[in-house]
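Undergrad: Okay, handing you the structure first.
The values are calculated or read from the model by the stated rules, or taken from the named source; none is laboratory data. A quick note: this is a predicted structure, and the numbers were derived from the prediction, not measured. FYI the Cβ positions are ideal-geometry reconstructions off the backbone, even for glycines, and counts take in every protein chain you see.
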Amino acid sequence: MNSDLIQNSAVDLAAAIASGEVSSADVVAAHLDRIDEVNGDVNAIVSMRSRDEILADAEAADAAGGGGPLHGLPIAVKDLEDVAGLPTRAGSLISSDQPVAADGYVAAKLRSAGAIIIGKTNTPEFGTGCHTFNEVFGVTRNPWNLGRISGGSSGGAAAALSARMLPIADGSDLGGSLRNPASMCSVVGMRPSVGRVADPLATTTHLRLGLSGPMGRTVADTALLMSAMAGPDVRDPWSLPDEGSTFTSSLPTTTNAKVAWGGNLGLLECDAEVLAIGESAAHTVESVGGSFSIDRPDMEHAEYVFRVLRGLGYARNAAPIPDELYPKLKGTVRENIEYGRTLTTEDLFLAESRKADLHRAMSAFFDEYDVLAIPAAQVPAFPVETEFLTEINGVQMPDYLGWMMAACIITPTGCPAICIPAGFTSEGLPVGLQLVARVGQDHKLLEIASAMEASNPQHHLAPPLSQSVG
């Protein structure tokens, strides 16, 4: 295995392939070797095409020469998205194990950008929860400590990136599924503005909480993947007009951004070490030309909005599930569906009204600041045997969602949010910093995140793939 290749950034690998310095076949083979070496312990890649098929695609890419922004780079697709020739299990016993015939929208975008799709990354059942385990493929473990969770629901993607099995990975985010695992695995995950990555097959325009987005080990790698995923689509009424090429420009290492540290927003229970690491990381903006303040927007009703709109979405999506299969769903999936079925039109209208108020509050906040900085996850990665935390700091959580609200309450704002590595706890567990910007300012957010990453670089650190520290 060429260990240098798996340590290189996606941006550097793409440039090297484009110049002919290395071949796609060599890059892909190095990552396949790494998967063979460590995936048995981490369990991040759960369905794969044959090695011969994958390498044949890489060799074809080499023979064809140039291509899209991801030309010749290996990638695995989150197992909520269809990939031709592979089953889409979505971590559920009620899903089919038969290969699907065609790529989904995101997979097709990745392939047309030149990526070599090698397989699928693990996710909790139907992407529910921030702990990646299911009855089909089992648990995905954190490369920094195999006894701890990888986060979720893009936990397979984050763990594969962290363990150097992939240079880039796509994910999806409804309540933090790109940001939470990025925090726990010391990688970058970005939830774009709604409509940045089009969803032409969406079944509703109003309950648009879930969306697709990019992950990488660096902000620049994440922007590279965004350039392939983003772009307008007339079939999606929320689609933003900017072309994906907007995200191919080089990113700065300085900024004059005004960053406001929101801490726990006056709403959240957070681990004290997570808060201290996050605040310290936010402070580093001053070293690259920006300013640091302590302030927060009024987000009192954001959780209500999130819970109601999410619950309605679960109830809607569950409608086609036959009664005889319903008991096979995990308890938290059923809990979401049943909650959604209790909601009324009055609940929906109140949520919509409060969502409008939330947008105005965030807009006023961003009139004064460029970025809101808060934790991406309220706690470090906890033991894999624990399905979800029932308390933080001795305070009981209301349900399985309570411990992940730092990401959830940003979702209904519609704002772009990115998690970048911030540091490590005394136990050596990663902590991420969540940066949130005004709706539509995805590129500006990437620029600010890049400068802050330069002031506090973590991406050169690789996990030891150690066993539990106890």
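Undergrad: What is the number of the single condition among (1) closer than 25 Å to Ala272 by Cβ; (2) touching a residue at least 40 places away in the same chain (Cβ under 8 Å); (3) small (Gly, Ala, Ser) that Gly394 does not meet?
TA: (2)
Undergrad: Right, something else. Would you mention how many residues in the range 251-302 are in a strand (DSSP E or B) and either surrounded by 15 or more Cβ atoms within 10 Å (Cβ to Cβ) or in contact with a Lys or Arg (Cβ under 8 Å, 6 or more places away or on another chain) (or both)?
TA: Count: 7.
Undergrad: Kindly evaluate Thr248 against the criterion of being in contact with a Ser or Thr (Cβ under 7 Å, 6 or more places away or on another chain), crowded, with 19+ Cβ neighbours inside 10 Å, over 26 Å from Phe306 (Cα atoms) and among the polar types (S, T, N, Q).
TA: So Thr248 fails the test.
Yes or no, residue by residue, for (1) of a type in the set (Asp, Glu); (2) closer than 22 Å to Ala159 by Cα; (3) crowded, with 17+ Cβ neighbours inside 10 Å:
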{"site": "Glu391", "(1), (2), (3)": "yes, no, no"}
{"site": "Gly394", "(1), (2), (3)": "no, no, no"}
{"site": "Gly414", "(1), (2), (3)": "no, no, yes"}
{"site": "Met452", "(1), (2), (3)": "no, no, yes"}
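Undergrad: Kindly indicate whether Leu207 is modelled with pLDDT of 95 or more and part of a loop (DSSP other than H, G, I, E, B).
TA: Answer is no for this residue.
Undergrad: What do you reckon, is Ala101 surrounded by fewer than 24 Cβ atoms within 10 Å (Cβ to Cβ), without any contact (Cβ under 8 Å) to a residue 60 or more places away in the chain and over 15 Å from the mean Cα position of the chain (by Cα)?
TA: yes
Undergrad: While we're looking at this one, here's another question. Restricting the first residue to the range 310-336 and requiring it to be within 18 Å of Leu93 (Cβ to Cβ), which pairs with a second residue that is in a helix (DSSP H, G or I) and among the acidic types (Asp, Glu) meet a Cβ separation below 6 Å and a spacing of at least six or different chains?
TA: Between residues of the range 310-336 that are within 18 Å of Leu93 (Cβ to Cβ) and residues that are in a helix (DSSP H, G or I) and among the acidic types (Asp, Glu), the close pairs are Lys330/Glu125; Val333/Glu125.
Residue-wise test of (1) over 22 Å from Leu55 (Cα atoms); (2) assigned to a loop (DSSP other than H, G, I, E, B).
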site: Val136; (1), (2): yes, yes
site: Arg164; (1), (2): no, yes
site: Ser172; (1), (2): yes, no
site: Val194; (1), (2): yes, yes
site: Met215; (1), (2): yes, no
site: Ala223; (1), (2): yes, no
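Undergrad: Continuing with the same structure: Given the residues Gly423, Gly402, Gly432, which is the only one that is surrounded by 24 or more Cβ atoms within 10 Å (Cβ to Cβ), of a type outside the set (A, V, I, L, M, F, W, C) and touching a strand residue (DSSP E or B) at 6+ places or on another chain (Cβ under 9 Å)?
TA: Result of the check over Gly423, Gly402, Gly432: Gly432.
Undergrad: Among residues belonging to the range 174-192 that are in a strand (DSSP E or B) and of a type outside the set (Gly, Ala, Ser), point out the one that is surrounded by the most Cβ atoms within 10 Å (Cβ to Cβ).
TA: If we take residues in the range 174-192 being in a strand (DSSP E or B) and of a type outside the set (Gly, Ala, Ser), then Arg191 is surrounded by the most Cβ atoms within 10 Å (Cβ to Cβ).
Undergrad: Among what's in the range 84-98 and is more than 19 Å from the chain's Cα centre (by Cα) and among the hydrophobic types (A, V, I, L, M, F, W, C), pick the residue that is surrounded by the most Cβ atoms within 10 Å (Cβ to Cβ).
TA: Of everything passing the filter in the range 84-98, Leu86 is surrounded by the most Cβ atoms within 10 Å (Cβ to Cβ).
Undergrad: Can I ask one more? Which ones in the range 209-245 are surrounded by fewer than 24 Cβ atoms within 10 Å (Cβ to Cβ) and of a type in the set (Gly, Ala, Ser)?
TA: Gly210, Ala220, Ser227, Gly231, Ser239, Gly244, Ser245
The rows are residues; the columns are (1) at pLDDT 95 or above; (2) closer than 24 Å to Asn134 by Cα.
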{"site": "Arg296", "(1), (2)": "yes, no"}
{"site": "Arg307", "(1), (2)": "yes, yes"}
{"site": "Tyr326", "(1), (2)": "no, yes"}
{"site": "Thr332", "(1), (2)": "no, yes"}
{"site": "Glu368", "(1), (2)": "yes, no"}
{"site": "Glu391", "(1), (2)": "yes, yes"}
{"site": "Val395", "(1), (2)": "yes, no"}
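Residue by residue, here is whether (1) surrounded by 18 or more Cβ atoms within 10 Å (Cβ to Cβ); (2) in contact with a Cys (Cβ under 9 Å, 6 or more places away or on another chain); (3) of a type in the set (D, E, K, R); (4) within 22 Å of Leu86 (Cα to Cα) holds:
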{"site": "Leu5", "(1), (2), (3), (4)": "yes, no, no, no"}
{"site": "Ala10", "(1), (2), (3), (4)": "yes, no, no, no"}
{"site": "Leu13", "(1), (2), (3), (4)": "yes, no, no, no"}
{"site": "Ala18", "(1), (2), (3), (4)": "no, no, no, no"}
{"site": "Ser23", "(1), (2), (3), (4)": "no, no, no, no"}
{"site": "Asp36", "(1), (2), (3), (4)": "no, no, yes, yes"}
{"site": "Ala44", "(1), (2), (3), (4)": "yes, no, no, yes"}
